[in-house]
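See below for the structure under consideration.
Computed from the coordinates by the stated procedures, all read-outs in this text should not be read as laboratory data. These numbers come from a predicted model, not from an experiment. Glycine also receives a Cβ, built like all others from the backbone with ideal geometry; neighbour counts cover every protein chain displayed.
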Amino acid sequence: WLGGLRLVAVDGTTSDVPDTAGNRAVFGGPSNGGGPGPFPQVRWVAAAESGTGALLGAAFGPYTAGEQVLVRDLLAALGPGMLVLADRNFLSHALARDVLAAGAHLLWRAKASFALKPVEVLADGTYLARLNPARKTDGPALTVRVIEYTVHTTGPGGTASSELFCLVTDLLDVEEWPALDLACAYRDRWGVETVIGHHKTDLGEGQAVLRSRDPEGVAQEMWALFAVYQALHRLMGTAADATGLPPSTISFRHTLTAATDSIGAAFPP
């Protein structure tokens, strides 16, 4: 949470599916000058609570579907009382407009090439800018607050590097929403990367490719993975409530192992 707003992170990825004619036709996949990649891929996006990792929504489609397109299927899961975190792939006027129309607030990173011209510098050094529509029919420009800061890191051997972050938010009041608080909250966006890792590594038992050889089976398998993931997080939530431990300290992998053992004992092969 930040100032009474629930932190929700959105991100996307791809999963390999078996190389069959049906999967190729429906999902497609990456290609280069040497031809198509070894596997078709399903692209999917998820919205998850930063504090618990529990899913609020998920959507998937063909490889050619952009994350900005798929995330529109998650708008119904977003609403008042939420601060939505997203990386550089998601910022656009149209998507920001629709998230705000759903009642949620946003804190998104902008690409270095994204034009955000200052129109007013605020007392804390952040500034207001206009997020302009691509077309006049997309509606009026949005007034956003831009927060810029640099993260310095030291790598192996003492090698130093730095990276500029540029965040865009609709939370304009510098006293109610200090820039440092928002910058620190944005790092929680990485929690959704853990969500993706649990799906692709832990639930998949290290298998890089889904099992289903037809598009209908792929859809069924994707929803099954989301459902099992959510059920495990319900168990983790129960454990957190019973022990008073923060949900982030309860191991997803240990929960999966315990559930697997219980099911194996109740329903032997």
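Between G244, G157, G81, the GNM of the chain built on Cα springs shorter than 10 angstrom shows G157 fluctuating the most. Annotation: the antiparallel percentage among DSSP beta bridges lying fully within the range 6-266 is about 80.
This ranking places H105, H254 by how few other beta-carbon atoms lie within 10 Å of each, fewest first, which gives H254, H105.
By the beta-carbon count within 10 Å of each Cβ, the least crowded to most crowded order of K111, K200, fewest first, is K111, K200.
Counting charges near G79 (Lys, Arg +1; Asp, Glu -1) among other residues having Cβ under 13 Å from its Cβ returns a value of 0.
Rounded to whole Å, give me the distance from the Cα center of the range 39-58 to that of the range 169-186. Spelled out, the Cα-based centre of one part sits 25 Å from the other. For the chain, the 222 nm mean residue ellipticity estimated from helices alone, with every DSSP H stretch of n ≥ 4 adding -39500 (n - 2.57) and the total spread over all residues, rounds to -9000 deg cm²/dmol. Dipole size of the chain about its Cα centre, with +1 on Lys/Arg Cβ and -1 on Asp/Glu Cβ: approximately 580 debye, rounded to the nearest 20.
In the range 187-269, taking the dipole from charged Cβ atoms about the Cα centre, the farthest positive-side position among H199, G244, M222 is held by G244. Against the main long axis of the alpha-carbon atoms of the chain, helix 215-243 sits at an angle near 70°. Residues S212, S92, ranked from the fewest to the most other C-beta atoms within 10 Å, line up as S92, S212.
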